[in-house]
Amino acid sequence: MITLHDIEYKLLLAFYEFDLLKNEIVTYLTLSLDDLVNRTGLNIDQVRRGIEWLRYKGLVNVKEDERKIVTLGEAGRRAVIDGLPEERLCNALKSLRSPLGVKELKGVVNLDEDEFNAAIKHAKEKGLVAIHNGKLIRVIDYEREKDNEYALLKRVHDSELLYKDSLNDKELEVLSHSMKRPRYIIEKSIKQVSVSLTEQGMELVKQIQSGARIRSIDVTAPAPIIYAGRRHILQEVIDEVREVLIGMGFQEIDGDIVQYSFWNFDVLFTPQDHPAREMQDTFYLDATKEDIHKVVSSELIADVSKVHERSWMYRWSINEANRLVLRTHTTTVTIRYLAEHKPKEANVFSIGRVFRNEKVSYKHLAEFHQIEGIVVSDDVSIRDLMGIQQEFYRRLGLDKVRFWPTYFPYTEPSLQSMVYHDRLSRWVELFGMGIFRPEVTEPIGLKSRVLAWGGGLERIAMLKYGLDDVRELYANRLSMLRGMPLCQ
Amino acid sequence: MPVVTLHKDRLERLVGRRLDEIKAVLPYIALDIEDESYEYIKVEYNPNRPDYSTDYGIARALKGLMDVEVGMPKIDVARSDVRFIVDSTTDVRPYIVGLLALNGRMDEEDIRQLISMQEDLHMGIGRRRRKASIGIHDYDKVKPPFYYTTVDSGYSFVPLNHRSSMSIKDILSNTDVGREYAYILDTKRYPIIRDSRGDVLSFPPIINADLTRVSENSRNLLVEVTATDLNAAYDILAVIAVTLCDMGFSIGSVEVRYENKNGSDYRDHTTATGSIVTPDMKSRSMSLGLDYVNSILGLDLDASTVVNCLKRCRSDAYNHDDKIECVIPRYRIDIMSAIDVVEDVMIGYNVSRLEPRYPRLKATGIRDKTLRSLEYARDILVGLGMIEVMNFSLVSYDLQYKMMNRANKGVIRVKESKSREHEILRDMLLPSLLDVLSRNVHEPYPQMLFEIGKVFSYDAENYNVACVIADAEADYTRAKSYLQAFVRHLLGYDVITEPMDSPYYEYGRAADIKLKEKVVGSVGEISKSVLENFRIKVRVSAFELDLSELLKM
């Protein structure tokens, strides 16, 4: 199996003549280096190199010949332009009224001494003139077109390079004649490299003709860049967290983004005058939906309002509860699930977008993702909540976790977790958690205990991807999305 | 969240322990260390513990948890005959409570802590002074009894840090604090506290008089809290009382007498003689079952251990067999029901000692069906070589309508957004995708992007999917090829495309996408004018589908 460089391939293809009608190779050629340059379009160095390779592979024979070339000398060139001396002599004779003697003729004809003599000699040889009574008589007219010698001289003149061996025998005879004329013909020997195909070479050419693939390619050359499709980098974190939770036995749920304040705040025991409910911090919609009485049981509304008034000692307002907000936490989704299903046992989680009316900075977004998980069971405690957290982090590759107390309006006791990030070499705050207060679970009719935990997902993504600015996650810079490998 | 500056040497002195020991305990009383310098530590505390608003309060809790001083702090309130006489404030700011703090001595830092606490209480319990506000006065500059009454806007006095008197009207319009809180006084008569000599102490909730300004020379203080919510006033007063007590003052009560016979509000809080005595430092009792405590915490503590834990949280506690009786100090306004006391047990036990344990979870894991289907959609598009992008649901009006040459219809706005970029809920995904293209014009083409996200209308929020294909030769046919592939691979159906006109698609090169007789989306070449708006120099073809609708089919 032979593989050929592009140059070798081109050279081989120059060595034959192909008959398109008969669809076959008709002859193999012997070519000079210059021929090869012309036929392949390669430069002389490439041809030389290529021929060496082919010779090494036994595909071509290389012969160095000496070849004779002929060019015209100064006199020869003049003869082509002005005509041979005998022509000029005959033209002069034509213009005479009566024949002249040789001597007299000399003065009339515009030829110098040597040329004159040569003219007479050659004219006599060519049968153009005869001497009669010492006078030169015209025999026949000189016709340039019928003069072989002139034709030959013209041919030499017109060819840039005329090889002597390209002349046939008759032409060679004429040439030897011309060569006797002084300064007419210059004969030179030049070295000629002639290249022809070997039998193996011819075989190969036949194979190429029948479509065999022999061309090699440059396998180190760069290929056009294409980009793979991929999920968004934050979506990948969401997917990873989702997988961990399902693996831990949690059921995934989804919920609306637009919620009544009732679900987002009131059921979660956040008093109606709590600062978090102000427009400073929460997005209220400039729109209304049907009255909450149409969607929530009046029993539930009454129970929630009672709990509020008893604990916070203020007048609870249904109008406040009716207001539509963009949910500020995914706890809204899980608490609705609990209110609707009232499970005795459940492990449920939700990942979704939440909204805070904040000024966007490198640390804060107005819209981001939260994960919320809950466990409903009769015999779970705060230690179990810590255990679940620990396992969750461990599955994300975060082995060192610490807990300490904190506060949320709807959980008691409440804890927050910190994980140790190896690459950053510091503790990073992660999730909040706690047990839902009876003020939350009783109005919705839940008899079991509810463990709840959650927090922002962007923090996890920033740790995973080594980002400092949370806005990067939503910048959608293609250089980043195309450049971030899946294995981190 | 509010912040307190703890000077290291003060803290050591107040707690009676070394700083490194203290630092280790701080997180375990729910404080977040925000900043630390050579001299101080700044901590953030949760708004449910206003008693943490000074280093005294934090030291009180630390002393408990570190076993330096346990049980309820002793606060004796001596009865004085100082009186507040209240009239005519019913409509505007009905309530006033107060106390005397005698024979104390404050240094510069004490005063700073006091002012910081006052601010925190104003913002927190006081709900930005509307519910309640505080005045702390140098008692030696005034003479009781004190009158809490109303005046008109022309009334004038010398306000704090001013040298000449200003009228009420003037103060409300020409001082920072006046402008900020004027909205609370929607009235024609303004509350004023005066002493028996007619000197003004305060114009609540706006500003005190300069006369009673507190300094390091003040030995005796008068504290008054005026309010629209009496419970808030009492809570605030209790926190102040215990703090001043820790500072070394002796606390004296004041009598608040209502001369105005109007208003049923007073009936609940007055004694038979029409007056009340404040501060109210009465503690509360709450019962706790040992089983309940252990069940919540996952521990097996005995009753005396629980009692000790509660004492470390500065409550008093006793046990009768397995029932624990907890006596809670007045300043613990965060304790509402038994569960709050259980949390105290946890804190007194110290969270660092709690060992996580993994429970036996009885339910099992499962994907949400709709979200699972979204994953399928995602997989197909990634398989088609597209890159997923993620954009916000809240967008600007310009992006969603103007740049798309769309007329607006049914825009859902949010109120008072802090940024113009987050004004309305998007009703389609395409504009955001075009925005991404416009921010990536220097990246190599072709660019093929998709997004799956929620879009909003007045009565629903649904998932849409949208794709954009951008390069020199992006055309309708290409978009339709990808659209077909997507729907076929997702559902096994073929779509029908019927011509339609749209302001953001090129004329004659756009179609409605129909599936089972329903229009489920649109496909087309983005119009040159829209591309210009986005400064996108290549051609873009796109499609958008109602994915929720599709998945129902």
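The values are calculated or read from the model by the stated rules, or taken from the named source; none is laboratory data. Note that the structure is a prediction, hence the values are computed from the model and not measured. Here the Cβ positions follow ideal geometry from the backbone for every residue, glycine too, while neighbour counts run over all protein chains shown. Accessible surface is based on the protein model in full, side chains and every heavy atom, while ligands, DNA and RNA are left aside. Shrake-Rupley method; radii C 1.70, N 1.55, O 1.52, S 1.80 Å.
Taking only Cα atoms, what is the 0 to 90° angle, nearest 10, from helix A:44-56's long axis to the longest principal axis of chain A?
That helix lies at roughly 90 degrees to the long axis.
Taking the protein assembly as shown as the region of interest, what is the percent of Cα-Cα pairs per 10 angstrom bin, listed from the shortest bin to the one with the maximum distance?
Pairs per bin, as whole percents: 2, 8, 13, 14, 13, 10, 8, 6, 4, 4, 4, 4, 4, 3, 2, 1, 0, 0, 0.
Give me the accessible area of residue A:165, 1.4 Å probe, in Å² rounded to the nearest 10.
Accessible area of residue A:165: about 90 Å².
Excluding residue A:245 itself, calculate the net charge of residues whose Cβ lies under 12 Å from the Cβ of residue A:245, where each Lys or Arg counts +1 and each Asp or Glu counts -1.
-4
Please compute the volume of the convex hull spanned by the alpha-carbon atoms of region A:71-184 and report it per residue in Å³. Please report the intermediate quantities before stating the final value.
Details: hull volume 11.2 nm³, N = 114.
For region A:71-184, the hull spanned by Cα atoms encloses 98 Å³ per residue.
Hey, what's the Cα Rg ratio for region A:233-483 versus the globular rule of thumb, 2.2 N^0.38 Å?
Its radius of gyration relative to the 2.2 N^0.38 Å reference: 1.02.
Using a 1.4 angstrom probe, figure out how much accessible area the protein assembly as shown has per residue, in square angstrom, rounded to the nearest whole. Please report the intermediate quantities before stating the final value.
Working: 47740 Å² over 1041 residues.
Accessible area per residue, the protein assembly as shown: 46 Å².
Hand me the tally of lysine pairs in region A:233-483: alpha carbons under 20 angstrom apart, and the pair either on different chains or 8 or more positions apart.
Counting lysine pairs in region A:233-483 gives 6.
Ordering B:336, B:1 from largest to smallest accessible area (1.4 angstrom probe), what's the sequence?
Heavy-atom accessible area, descending, gives B:1, B:336.
If DNA, RNA and ligands are ignored and the probe is 1.4 Å, what is the ranking of B:162, A:232, A:341 by accessible area, most exposed first?
The ordering from most to least exposed comes out as A:341, B:162, A:232.
Mind checking which aspartates and glutamates have their Cα closer than 17 Å to the Cα of residue B:63? Skip sequence neighbours fewer than 8 apart in that chain.
Straight-distance partners of residue B:63: B:9, B:12, B:20, B:21, B:51, B:55, B:246, B:316, B:344.
Among A:321, A:107, A:428, whose Cα lies farthest out toward the positive end of the dipole of chain A, if unit charges sit on the beta carbon of Lys, Arg (+1) and Asp, Glu (-1)?
Towards the positive end, the residue furthest out is A:107.
Peptide A:225-235: average number of partner chain Cβ atoms within 10 Å per residue?
6
Please average, across the residues of B:410-422, the number of beta carbons from any other chain that are within 10 Å of each residue's own beta carbon, and give a whole number.
Mean shielding by partner chains, rounded to a whole number: 6.
Take chain A, compute every pairwise Cα distance, and split them into 20 Å bins from 0; I just need the percent in each bin.
17, 24, 11, 12, 14, 12, 9, 2, 0
Using modelled backbone amide H atoms (1.01 Å from N, in-plane), which distant-in-sequence or interchain residues come within less than 5 Å of residue B:34's amide H?
Counting only residues 5 or more places away or on other chains, the set is B:42, B:43, B:44.
Where does the protein assembly as shown land at 222 nm, in deg cm²/dmol rounded to the nearest 500, when only DSSP H runs of n ≥ 4 count, each adding -39500 (n - 2.57), divided by all residues?
Per the formula, -9500 deg cm²/dmol.
Over its Cα atoms, what ratio of radius of gyration to 2.2 N^0.38 Å does chain B give?
So the Cα radius of gyration is 1.37 times the expected 2.2 N^0.38 Å.
Lysines near residue A:191 by alpha-carbon distance under 17 Å, same-chain residues fewer than 8 away left out - which ones?
Cα-Cα hits under 17 Å: A:63, A:68, A:164.
Treat every Asp and Glu Cβ in region A:259-333 as -1 and every Lys and Arg Cβ as +1, leave all other atoms uncharged, and give the resulting dipole magnitude about the Cα centre to the nearest 20 debye. Working shown, then result.
Details: 8 positive and 11 negative charges, 18 e Å.
So the magnitude is around 80 debye.
Taking only Cα atoms, what is the 0 to 90° angle, nearest 10, from helix A:113-125's long axis to the longest principal axis of chain A?
That helix lies at roughly 80 degrees to the long axis.
What is chain A's relative contact order, in percent, from Cα pairs under 8 angstrom and six or more apart in sequence?
So the answer I get is 13 percent.
Can you compute the charge dipole magnitude of region B:350-446 about its Cα centre, using +1 on each Lys and Arg Cβ and -1 on each Asp and Glu Cβ, nothing else charged? Give it in debye, rounded to the nearest 20.
It works out to roughly 580 debye.
Just the number, please: carbon plus sulfur as a percent of the accessible area of region A:1-123, 1.4 Å probe, no ligands or DNA/RNA counted.
47 percent
Using a 1.4 angstrom probe on the protein heavy atoms only, could you order B:240, A:25 from most to least accessible area?
A:25, B:240
Residue by residue through region B:527-538, which ³J(HN,Hα) values in whole Hz follow from phi under the Karplus form 6.51 cos²θ - 1.76 cosθ + 1.60 (θ = phi - 60°), with glycine and proline marked x?
5, 4, 5, 5, 4, 5, 4, 8, 6, 9, 9, 9
Would you give the gap between the C-alpha center of region A:161-225 and the C-alpha center of region B:497-539, rounded to a whole Å?
Result: 64 Å between the Cα centres.
For Cα pairs less than 8 Å apart in space and 6+ apart in sequence, what is the mean separation divided by the residue count of chain B, i.e. the relative contact order in percent?
Once divided by the residue count of chain B, the mean separation gives 12 percent.
If the only charges are +1 at each Lys and Arg Cβ and -1 at each Asp and Glu Cβ, what is the size of the charge dipole of region A:71-184 around the Cα centre, to the nearest 20 debye?
Dipole size: approximately 460 debye.
So which residues in region A:374-388 end up with at least 50 square angstrom less accessible surface once the other protein chains are there, compared with the chain by itself, probe 1.4 angstrom?
The answer is A:383, A:384, A:386.
Quote the accessible area belonging to residue B:133 in square angstrom, nearest 10, computed with a 1.4 Å probe and with ligands, DNA and RNA left uncounted.
For residue B:133, the solvent-accessible surface is approximately 10 Å².
Provide, as a two-decimal number, the C-alpha radius of gyration of region A:163-270 over 2.2 N^0.38 Å, N being how many residues it has.
Numbers: Rg = 43.5 Å, N = 108, 2.2 N^0.38 = 13.0 Å.
Against the empirical 2.2 N^0.38 Å value, I get 3.34 for region A:163-270.
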